[in-house]
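Okay, structure first, notes after.
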Amino acid sequence: MKHPTEEPLHSEPLINRREFMQLSACAAAGALLPGCGETPAGPVEPTAQVAAVRGADLYSMTHDVLDGLGGIDTVVHEGETVFIKPNMVTLPWAENRHPFALGECTKPEIVVAVAEQCLQAGASEVIIGDGSHAPVLNWEHARTLDNSANLASEAVRLSAEYGRTVRLASLEADSPQWVEVPSGTYLGTIAVSSLVAHADRVISIPVAKTHSWAQLTLALKNFVGITPLERYGDMPDIPDRGVVFDHSSPRAIAAIYLDIVQGVKPDLAVIDFSIGIEGNGPNQSHGGRTVDLRDRLGSWLLLASTDLVAADATAARIMSHNPARITQLVMGYERGMGEIREERIELLGERLDDLRVPWSSAQLQNQLQSSGSGCAMRLRAGIVRYA
């Protein structure tokens, strides 16, 4: 199958025109970033690794992709507490629908498998949590694709089997306190759950989706959900961080969640490429369309890396998006948070060209603009769910 080339997704300038022209010339030559015209003295050494595993069983695939990085015990050690952050953006509405089968939320199978691997590595406690759009989440509605189990029952099972706690946390209700992390934005500092900030290890497990305000929502943007709804979700009916957090452009919101990531310093990303969302995500109600990767790749796929920027950049390439045109990735690279250059990322287990699939981009519809006081203002009505 001929796959689309990595094309621009939006008209927002990430850099000035001179830098843009230089970047475009480098990209056309097979490189991405300023300075790419310099000829390396020898073979290019990778600065990041991303493991990739294809298959049909998400449990075994999770074990395999972690083994591809050298095993979970290279990240998690005896006696450590681990916080796992899945994307549960539409879990509050899961009673009468299956957002996991629709591709809107991270699959519980992957979350459970990662939690069990952490326990096997000696973790003293594993906390699985999200803020989503409700103060309290019903984890029984976080169902596996075959409906045979849910996160609530699996947390009980794992706790009993290993004699250590697997805890499910609705961050708004269950966070003992909120910890301020520095921000270079108008916010000054950003509050995040102490369950995340005080964990020894933090793992991001997003599902691959395009996003109408952020281009892509992957391992980096996943951390918007660890902030308090009471402070940032300024809407009475469905709390929505898109009101206080400036979503006027991909750059504006990326500045916020990249500050969060730098404050939290996550240790691992596992990206769910089983069933996701393309087009105007992050969910179907906003205009996104479900993508079952088996229909395009012939199998499901998982990625894992200790470099979240490299994981997201590799995911972008698999989705036929050019990382050099994804605001959050260029910003993350420029901040020194991780790698986006293809030749510097070693893909373990698969060839990138064998994984690329067509994946429709989102049409940017940023509905918020920054007010004079630095807070965001809604430009038009409508409920928007961000994750």
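The values are calculated or read from the model by the stated rules, or taken from the named source; none is laboratory data. Keep in mind that this is a model prediction, so the values were computed, not measured. Positions of Cβ are backbone-derived with ideal geometry, glycine not excepted, and every protein chain shown enters the neighbour counts.
Annotation note: Cβ proximity below 7 Å between a residue of the stretch 147-162 that is hydrophobic (A, V, I, L, M, F, W, C) and a residue that is exposed (fewer than 14 other Cβ atoms within 10 Å of the Cβ) (sequence gap 6+ or interchain) occurs for Ala152/Glu140.
The single residue among Val244, Val192 that is touching a residue at least 12 places away in the same chain (Cβ under 8 Å), out of contact with any Cys (no Cβ under 8 Å at 6 or more places or on another chain) and not in a helix (DSSP H, G or I) turns out to be Val192. Out of everything in the stretch 332-366 that is acidic (Asp, Glu) and without any contact (Cβ under 8 Å) to a residue 12 or more places away in the chain, what residue ends up being surrounded by the fewest Cβ atoms within 10 Å (Cβ to Cβ)? Selected residue: Asp353. Which one of these is within 23 Å of Cys105 (Cβ to Cβ) and not small (Gly, Ala, Ser): Ile260, Ile340? Within the list Ile260, Ile340, the selection yields Ile260. Test Gly233 against the stated conditions and say whether it is of a type in the set (Gly, Ala, Ser), out of contact with any strand residue (DSSP E or B) (no Cβ under 7 Å at 6 or more places or on another chain) and surrounded by 22 or more Cβ atoms within 10 Å (Cβ to Cβ). Spelling it out, Gly233 is indeed of a type in the set (Gly, Ala, Ser), out of contact with any strand residue (DSSP E or B) (no Cβ under 7 Å at 6 or more places or on another chain) and surrounded by 22 or more Cβ atoms within 10 Å (Cβ to Cβ). A Cβ distance below 6 Å, combined with a sequence gap of six or more or placement on separate chains, defines the contacts here; from the stretch 222-241, residues that are at pLDDT 85 or above reach residues that are part of a helix (DSSP H, G or I) and of a type outside the set (A, V, I, L, M) in the pairs Phe223/Tyr257; Val224/Tyr257; Leu229/Glu172. Does Val114 satisfy the condition of being modelled with pLDDT of 95 or more, touching a helix residue (DSSP H, G or I) at 6+ places or on another chain (Cβ under 8 Å), surrounded by 24 or more Cβ atoms within 10 Å (Cβ to Cβ) and closer than 14 Å to Ala269 by Cβ? Yes: the conditions hold for Val114. Of the helices (runs of 4 or more DSSP H) lying entirely inside the stretch 95-182, the ones with 1 or more residues being farther than 23 Å from Val261 by Cβ and of a type in the set (Val, Ile, Thr) are found at 108-120, 151-162. Which residues, counting only those in the stretch 54-88, are over 21 Å from Arg167 (Cβ atoms), touching a residue at least 60 places away in the same chain (Cβ under 8 Å) and either aromatic (Phe, Trp, Tyr) or not in a helix (DSSP H, G or I) (or both)? Hits for the stretch 54-88 are Arg54, Gly55, Ala56, Leu69. Just to be sure, is Thr217 buried (at least 16 other Cβ atoms within 10 Å of the Cβ), under 20 Å from Leu268 (Cβ atoms) and either free of Cβ contacts under 8 Å to residues at least 12 places away in the same chain or of a type in the set (Ser, Thr, Tyr) (or both)? It is true that Thr217 is buried (at least 16 other Cβ atoms within 10 Å of the Cβ), under 20 Å from Leu268 (Cβ atoms) and either free of Cβ contacts under 8 Å to residues at least 12 places away in the same chain or of a type in the set (Ser, Thr, Tyr) (or both). Taking the stated definitions as given, is Gln365 in a loop (DSSP other than H, G, I, E, B) and modelled with pLDDT under 95? The answer is yes for Gln365.
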